[in-house]
Amino acid sequence: MAYREPARTTIYRARIRRTRVAALLVVIAAVASTLGWRLLASTGGQRVAVLRDDRALGDARHAVAWPVYGQAAVQIGDSSIQAGPNQHPAAIASVAKVMTAYLVLRDHPLQVGEAGPAITVTDADVADTDRRREQAESIVPVAAGEQLTELQALEALLLPSANNIAAVLARWDAGSSDRFVARMNAAARSLGMVHTRYTDPSGYDDATVSTAADQLRIVARAMRLPAFASIVAVPSATLPVAGNVRNTNTLLGRDGFVGVKTGSDSAAGGCFAFRAVRRIEGKRTRITGVVLGQPGDDRIAAGLAAGEAMVDRIAGRPASPELRQRPRAVVPTTPP
């Protein structure tokens, strides 16, 4: 006759097994927490690695110094997006203008060096500019009847970060800001930017929110457009009425920085979408990233500093002397 365990013994052993499994799961969770990683699912079949510290980079083999405050994301070469902790929808200020420029160039393509069609500044545009000036927004002077080429309008949008020109471009492209914003949100959905909501073309509205990882998607897509990449790489431009305007990204031309866009206001803090080209393990490598929510009295400087620190850490050292073509410029205090 086969021996059969008493019911109490069977129940006791089952409890022991469950306890051991639970303990194992606790250990696994602790290891994951120590390594500091998790994955955020996103649309389009792509997953974004969210790293709590640089020990979890794995195959990327590059250390990342995530900013202490705010949030950040980075893409090294053509690798997957690596996102730091604290990813949550937050105000992005003028970084929103990357999507605005991308849509304008998608609908009205330009070749590098091509001026494109003329955009006429209207009386309504001048009135809107005056209103924005009274609110201390970032604007460039305009005059009724002024003719801006598409290239000049994009330069005004992306270099001095003119909110009034964001409205001009939205009206020119879609007929109204509301219709343009609807296109912005449709484009965000198509790119898998599931934590993003645009409410205006300039980013001045604090209800325009996104994450660093989401913004990195549109930054990487926009930088595929040669016209966009060429505009965000220039330190200054000349406009018909405003005259010479300077790029708020004062890292351009040194340390391998070739773009992309600053942003700042009280709700967003200091924000910076960037691309730099550095030598990593002997190979020229693109480092594309976004930092949001950097604190400081000079928010633009805070965003620039956080982006530069990330690039330096990823590359393993500061830029080589041949990349330091310009002395460090004084960061302007006027917010974009």
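Could you check how many residues of region 240-254 are touching a strand residue (DSSP E or B) at 6+ places or on another chain (Cβ under 6 Å) and more than 19 Å from Y204 (Cβ to Cβ)?
Summing the residues that are touching a strand residue (DSSP E or B) at 6+ places or on another chain (Cβ under 6 Å) and more than 19 Å from Y204 (Cβ to Cβ) in region 240-254 gives 4.
Could you please let me know if T248 is in contact (Cβ under 8 Å) with a residue 60 or more places away in the chain, in contact with a His (Cβ under 7 Å, 6 or more places away or on another chain) and surrounded by 24 or more Cβ atoms within 10 Å (Cβ to Cβ)?
Answer is no for this residue.
Residues in region 236-269 that are in contact with a Pro (Cβ under 7 Å, 6 or more places away or on another chain) and at pLDDT 95 or above: how many?
12
Name the residues in region 141-162 that are out of contact with any Leu (no Cβ under 9 Å at 6 or more places or on another chain), crowded, with 23+ Cβ neighbours inside 10 Å and not in a loop (DSSP other than H, G, I, E, B), would you?
Residue satisfying the conditions is L158 alone.
Collect the residues in region 88-117 that are among the aliphatic types (A, V, I, L, M), in contact with a helix residue (DSSP H, G or I) (Cβ under 9 Å, 6 or more places away or on another chain) and surrounded by 13 or more Cβ atoms within 10 Å (Cβ to Cβ), keeping them in residue-number order.
Matches in region 88-117: A90, I92, A93, V95, A96, V98, M99, A101, L103, V104, L105, L110.
So which of R133, R183 is of a type in the set (K, R), out of contact with any His (no Cβ under 6 Å at 6 or more places or on another chain) and either under 24 Å from P226 (Cα atoms) or in a loop (DSSP other than H, G, I, E, B) (or both)?
Going through R133, R183 in turn, the sole match is R183.
When you look at R171, is it farther than 19 Å from V245 by Cα and part of a helix (DSSP H, G or I), yes or no?
yes
What residue, of A153, A101, is closer than 20 Å to K261 by Cα and free of Cβ contacts under 8 Å to residues at least 60 places away in the same chain?
So the residue among A153, A101 that is closer than 20 Å to K261 by Cα and free of Cβ contacts under 8 Å to residues at least 60 places away in the same chain is A153.
Of the residues G270, G256, which single one is within 20 Å of L157 (Cα to Cα), touching a helix residue (DSSP H, G or I) at 6+ places or on another chain (Cβ under 6 Å) and either of a type outside the set (A, V, I, L, M, F, W, C) or surrounded by fewer than 22 Cβ atoms within 10 Å (Cβ to Cβ) (or both)?
When all the criteria are applied, what remains is G270.
Residue by residue, here is whether (1) crowded, with 21+ Cβ neighbours inside 10 Å; (2) in contact (Cβ under 8 Å) with a residue 40 or more places away in the chain; (3) more than 18 Å from S138 (Cβ to Cβ); (4) among the aromatic types (F, W, Y) holds:
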| residue | (1), (2), (3), (4) |
| --- | --- |
| A170 | yes, yes, no, no |
| G175 | no, no, yes, no |
| T196 | yes, yes, yes, no |
| P201 | yes, yes, no, no |
| D206 | no, yes, no, no |
| L216 | yes, yes, yes, no |
| P240 | no, yes, yes, no |
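Do any residues in region 285-297 that are under 14 Å from A93 (Cβ atoms) have Cβ atoms under 7 Å from those of residues that are of a type in the set (V, I, T) and part of a loop (DSSP other than H, G, I, E, B), where the two are at least six apart or on different chains, and which pairs are they?
Pairs that qualify, where the first residue is under 14 Å from A93 (Cβ atoms) and the partner is of a type in the set (V, I, T) and part of a loop (DSSP other than H, G, I, E, B), are L292/I92.
If we keep just the residues of region 118-140 that are under 28 Å from the mean Cα position of the chain (by Cα) and within 23 Å of V234 (Cα to Cα), which is surrounded by the fewest Cβ atoms within 10 Å (Cβ to Cβ)?
Top of the filtered list is E137.
Looking only at strands (runs of 3 or more DSSP E) that fall completely inside region 43-129, which ones have 1 or more residues that are modelled with pLDDT of 95 or more and within 23 Å of Q215 (Cα to Cα)? Before the answer, list the steps.
Working: elements: 47-51, 71-76, 118-120.
Because the criterion is at least 1 residues that are modelled with pLDDT of 95 or more and within 23 Å of Q215 (Cα to Cα), the strands (runs of 3 or more DSSP E) in region 43-129 that meet it are 71-76.
Read through the list (1) surrounded by fewer than 24 Cβ atoms within 10 Å (Cβ to Cβ); (2) within 13 Å of the chain's Cα centre (by Cα); (3) part of a strand (DSSP E or B), then give the number of the only condition that A220 fails.
(3)
Output the residues belonging to region 252-267 that are assigned to a loop (DSSP other than H, G, I, E, B), of a type in the set (A, V, I, L, M, F, W, C) and within 19 Å of S236 (Cβ to Cβ). Don't jump to the end; show me each part of the working.
To start, the set of residues in region 252-267 that are assigned to a loop (DSSP other than H, G, I, E, B) comprises 252-253, 255-256, 266-267.
Checking which are of a type in the set (A, V, I, L, M, F, W, C) leaves us with 252, 267.
Listed by number, the list holds a single entry, L252.
The values are calculated or read from the model by the stated rules, or taken from the named source; none is laboratory data. Just so it is clear, the structure is predicted and the values come from calculations on it, not from any experiment. Don't worry about glycine lacking a Cβ; one is built from the backbone with ideal geometry, like all the others, and counts go over all protein chains shown.
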